[in-house]
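Undergrad: Right, I'll just put the structure down here and ask away after.
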Amino acid sequence: MNVRVAVDAVIEKNGEVLLLKRAVEPFKGWWVLPGGGVKYGEQLVGAVKREVKEETGLKVKVLKYLGYYDKPGRDPRGHTISHAFLCKPISSKIDGSLEGREIKWFKKLPKKVGFDHRQIIEDSGVLNA
């Protein structure tokens with residue numbers, strides 16, 4: 001079995017972080033960061049910008065690399081190493097219809113945060129998670 005490479009975006013605006021409510025398993029109905037798999041030949045920064053645009057409609061500027069998350073079991077679909085980035089929106093129109101997800105800004109994290117995204121947000125220092 002192969003290891004997947006993914007990206008996650010902590011998008012911060014005015015002390016809030018943007019989360020998506022998952023419409024499918026795993027973690028259906030839980031809140032997660034925008035992100036997803038890196039395509040063959042794609043660089044990490046390009047992948048995170050693409051995933052954010054696909055999932056939220058937003059264009060973002062990548063501010064900094066937050067680190068990698070590689071704990072086995074972090075994704076129940078298989079071993080996935082995610083590279084997390086701190087981003088800020090450079091466009092303002094959110095389009096939740098793109099992947100049929102509810103999208104919301106949070107000042108405080110909800111109870112149900114999927115994957116290890118609570119840890120990623122805590123590590124970013126954006127919220128008092």
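Undergrad: Restricting to segment 37-51, and then to whatever is in contact (Cβ under 8 Å) with a residue 24 or more places away in the chain and of a type in the set (Gly, Ala, Ser), can you tell me which residue is farthest from Leu63 (Cα to Cα)?
TA: Gly37
Undergrad: While we're looking at this one, here's another question. Is it the case that some residue within segment 87-97 is over 13 Å from the mean Cα position of the chain (by Cα), of a type in the set (Gly, Ala, Ser) and within 16 Å of Val5 (Cβ to Cβ)?
TA: No, the conditions are met nowhere in segment 87-97.
Undergrad: Can you report the number of residues in segment 20-78 which are of a type in the set (Gly, Ala, Ser) and under 11 Å from Ala6 (Cα atoms)? First the steps, then the outcome.
TA: Initial filter on segment 20-78 (of a type in the set (Gly, Ala, Ser)): 23, 29, 35-37, 41, 46-47, 57, 67, 73, 78.
Now narrow it down to the ones that are under 11 Å from Ala6 (Cα atoms): 35-37, 47.
The total comes to 4.
Undergrad: Can you find, within segment 38-64, the residue that is nearest to Phe106 (Cα to Cα) among those that are in contact with a helix residue (DSSP H, G or I) (Cβ under 8 Å, 6 or more places away or on another chain) and not hydrophobic (A, V, I, L, M, F, W, C)?
TA: Ranking the candidates gives Lys59 first.
Undergrad: If you don't mind, another one. Can you pull out the residues in segment 95-111 that are at pLDDT 90 or above and hydrophobic (A, V, I, L, M, F, W, C)?
TA: Within segment 95-111, Ile103, Trp105, Phe106, Leu109 qualify.
Undergrad: Which condition number in (1) among the charged types (D, E, K, R); (2) in a loop (DSSP other than H, G, I, E, B); (3) within 13 Å of the chain's Cα centre (by Cα) is the one that Lys111 fails?
TA: That leaves (3) as the condition not met.
Undergrad: Please state which one of Lys21, Lys71, Lys13 is over 22 Å from Lys108 (Cβ atoms) and touching a residue at least 12 places away in the same chain (Cβ under 8 Å).
TA: Values: Lys21 fails: over 22 Å from Lys108 (Cβ atoms); Lys13 fails: over 22 Å from Lys108 (Cβ atoms).
One residue alone meets the criteria, Lys71.
Undergrad: What number of residues within segment 54-94 are touching a Lys or Arg at 6+ places or on another chain (Cβ under 9 Å), at pLDDT below 95 and of a type in the set (D, E, K, R)?
TA: 3
Undergrad: Any idea how many residues of segment 74-93 are among the β-branched types (Val, Ile, Thr) and without any contact (Cβ under 8 Å) to a residue 60 or more places away in the chain?
TA: First, pick out the residues of segment 74-93 that are among the β-branched types (Val, Ile, Thr): 80-81, 90.
From what's left, without any contact (Cβ under 8 Å) to a residue 60 or more places away in the chain: 90.
Adding up the residues that qualify gives 1.
The values are calculated or read from the model by the stated rules, or taken from the named source; none is laboratory data. Note that this is a predicted model, so its numbers are computed, not measured. When we count neighbours, we look across all protein chains shown, and the Cβ atoms used for this are built from the backbone with ideal geometry, even at glycine.
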